[in-house]
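The values are calculated or read from the model by the stated rules, or taken from the named source; none is laboratory data. Quick caveat, the model's predicted, so the values are computed rather than measured. As a convention, Cβ positions derive from the backbone with ideal geometry for all residues, glycine included, and neighbour counts pool all protein chains shown.
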Amino acid sequence: MWSLSHIANEIHTWLSNTFNPTWTLVIEMVLAGVAVIGLFAALGLVLVLMERRVAAWIQIRLGPNRVGPLGLLQSLADTLKLIVKEGLTPDGADKVMFNVAPFIAMIVAMLLMAPIAFAKDFQLWDLNIGVLFVTAVSSIMVISILMAGWSSNNKYSLMGAMRSGAQIVSYELSAGLSIMTIVVLTGSLQVSDIIHSQGNGWWIFKGHLPVWIAFITFMIAVTAETNRAPFDLAEAESELTAGFHTEYSGMKFALFFLAEYINVFIVCAIGATLFLGGWMPLHFGSNNAFNDAMDYIPSSIWFFGKTFCLIFLIMWFRWTFPRLRIDQLLNLEWKYLLPISMINLLLTTAMAILGWHF
Amino acid sequence: MFLTDYIKDVTGAVKSLATGMKRTLYYFTHHKEIITQEYPDNRDTLVLPERFKGEVVMPHDEKNEHRCTGCTACELACPNGTIKVITKFDISPEGKKKKAIDKLVYHLELCTMCNLCVEACPSDAIKMAQTFEHSVYDRKQLTKILNHPGSKIMEGVE
């Protein structure tokens, strides 16, 4: 079989036969790091282009169509421009913090890649608290934003960072609670367990209304957590020029920009894993012709297909809804999403105990 | 009471958001109806909207005659001093002095295309043209004299 796990196993066998176990581990770690960085670069290029195209089509425009065939090289040209630009550090800035902040954003994004299952048996680290790990690490993101805002020594940056702090801290609650519904139904925090529990149908089909509500709250909460419109108060270009990354330029700005898109990918991958079965093909019941037909489509295509559908959903939000004010944003979380997801969690727990789901 | 209001709030919000998303999905799936134009490529076939205003021109007929009487109504109407009418006195064959324009100076760089001069003109001597490629390297070239050299006023325009 030609699959990602097969390639990984081949490489592992070859390395184990050639080197001793320690060197095999070291080389495999380096390879995994390179693969993650490569994926980051590819995702950055693809997602920026996709965002611009989706935006253009929603606004009845054409979008980038000059650089390369159909404008496909546009994001590559943008990257080239950002690389050659000067990375300026303002005089009044706290230099160490200012320069470290974008890297913390990237490190968080890289750590979040660890428990994601990209294909069948293809995962960097299937730790037994995978979902908890993701929710815990993703909250470090706010530290990089606060660092960037504080060290810039700029009122707009600081305001953007404070808004972002309030926003991420509050929306993590409802994101966490909606993740909890799936954990309750599965009875495990391990990503592979969650995916295998969806072998006879994804949770969005098996879980009835509570899972639907959890899915919707999850999508809203992660849109807020990744600081994307309609919750992009941290940037709010009409009020705060560019929010927390006002003072950044060149590659340091590009790292923040990239981290935003990587985070979008990661939260969509988590959403796809929890609600849409990750790499699990579309199955109904067990052992029938339909399931076998679906199994012919490679698992990596299922995973990336679902993830990109969710990414499109988030982009669709961005280009449809107007930005919320900070009080509306916090109202939405504390008065609506949090109570709803708490009651929803109770409902799901009752459903899981009484066995009402399929 | 509170609970019904609350639920109404939530359902109303979901409904209105769904309406918006339906609209944008329609636009997304009908991306062939593009409202922007690929300008430098379609220069030959470019169709501008009827009301597009590019610059003020003074139409001349084939005998090199215009309709401007030199009344300076346009100069007075212009909010930012774009138009300067320099008048002279023509001596008619009967020996009468008659006011006419020497030059109608038009500063394109000051013009906001507000159309007030065209509305003020009592004899329809000036109008708005649809040309818009006005970039030049020297701003002196943006100061234009609208009446052609050697032109004179059309018969019967007072």
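Overview of results
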item: Flag for B:Ile83 being within 35 Å of the chain's Cα centre (by Cα), within 14 Å of another protein chain (Cβ to nearest Cβ) and surrounded by 11 or more Cβ atoms within 10 Å (Cβ to Cβ); result: no
item: Qualifying position, being within 22 Å of A:Phe215 (Cα to Cα), surrounded by 18 or more Cβ atoms within 10 Å (Cβ to Cβ) and within 14 Å of chain B (Cβ to nearest Cβ), among A:Ile314, A:Ile343, A:Ile266, A:Ile262; result: A:Ile314
item: Candidates A:Ala224, A:Ala242, filtered to the one that is surrounded by 20 or more Cβ atoms within 10 Å (Cβ to Cβ), over 10 Å from A:Arg323 (Cβ atoms) and of a type in the set (Gly, Ala, Ser); result: A:Ala224
item: Restricting the stretch A:110-159 to residues that are surrounded by fewer than 20 Cβ atoms within 10 Å (Cβ to Cβ) and of a type in the set (D, E, K, R), the residue that is farthest from A:Thr226 (Cα to Cα); result: A:Asp121
item: Residue match in the stretch A:346-356 (condition: at the interface with chain B (Cβ under 10 Å from one of its Cβ atoms), free of Cβ contacts under 8 Å to residues at least 60 places away in the same chain and out of contact with any helix residue (DSSP H, G or I) (no Cβ under 7 Å at 6 or more places or on another chain)); result: no
item: Failed condition for A:Phe303, given (1) over 23 Å from the mean Cα position of the chain (by Cα); (2) more than 14 Å from every other protein chain (Cβ to nearest Cβ); result: (1)
item: Residue selected from the stretch A:42-60 under the condition free of Cβ contacts under 8 Å to residues at least 40 places away in the same chain and part of a helix (DSSP H, G or I), by the criterion nearest to the other protein chains (Cβ to nearest Cβ); result: A:Trp57
item: Filtered residues of the stretch B:1-15 (kept if hydrophobic (A, V, I, L, M, F, W, C) and either at the interface with another protein chain (Cβ under 10 Å from one of its Cβ atoms) or not in a loop (DSSP other than H, G, I, E, B) (or both)); result: B:Phe2, B:Leu3, B:Ile7, B:Val10, B:Ala13, B:Val14
item: Subset of the stretch B:16-34 that is modelled with pLDDT under 80 and facing chain A (nearest Cβ under 7 Å) - its residue that is surrounded by the most Cβ atoms within 10 Å (Cβ to Cβ); result: B:His31
item: Number of the exception - A:Val67 against (1) within 14 Å of chain B (Cβ to nearest Cβ); (2) surrounded by 14 or more Cβ atoms within 10 Å (Cβ to Cβ); result: (1)
item: Condition check for A:Ile104: modelled with pLDDT under 85 and either surrounded by 16 or more Cβ atoms within 10 Å (Cβ to Cβ) or within 14 Å of another protein chain (Cβ to nearest Cβ) (or both); result: no
item: Boolean, B:Asp61 is touching a residue at least 40 places away in the same chain (Cβ under 8 Å), loosely packed, with under 12 Cβ neighbours inside 10 Å and not small (Gly, Ala, Ser); result: yes
item: Number of the condition not met by A:Phe317 [criteria: (1) modelled with pLDDT under 85; (2) closer than 30 Å to B:Gly12 by Cα; (3) not in a loop (DSSP other than H, G, I, E, B)]; result: (1)
item: Out of B:Cys68, B:Cys74, sole residue that is more than 10 Å from every other protein chain (Cβ to nearest Cβ), in contact with a Cys (Cβ under 6 Å, 6 or more places away or on another chain) and hydrophobic (A, V, I, L, M, F, W, C); result: B:Cys74
item: Qualifying positions in the stretch A:322-332 - touching a residue at least 40 places away in the same chain (Cβ under 8 Å), closer than 17 Å to A:Phe218 by Cα and surrounded by fewer than 20 Cβ atoms within 10 Å (Cβ to Cβ); result: A:Leu330
item: Cβ pairs under 8 Å, 6+ apart, first in the stretch B:119-133 and exposed (fewer than 14 other Cβ atoms within 10 Å of the Cβ), second polar (S, T, N, Q); result: B:Pro122/B:Thr69
item: Qualifying residue in the stretch A:248-267 (condition: closer than 23 Å to A:Asn344 by Cα and modelled with pLDDT of 85 or more); result: yes
item: Considering residues of the stretch B:119-151 that are in a loop (DSSP other than H, G, I, E, B) and under 14 Å from B:Gly70 (Cβ atoms) only, the residue farthest from the chain's Cα centre (by Cα); result: B:Ser151
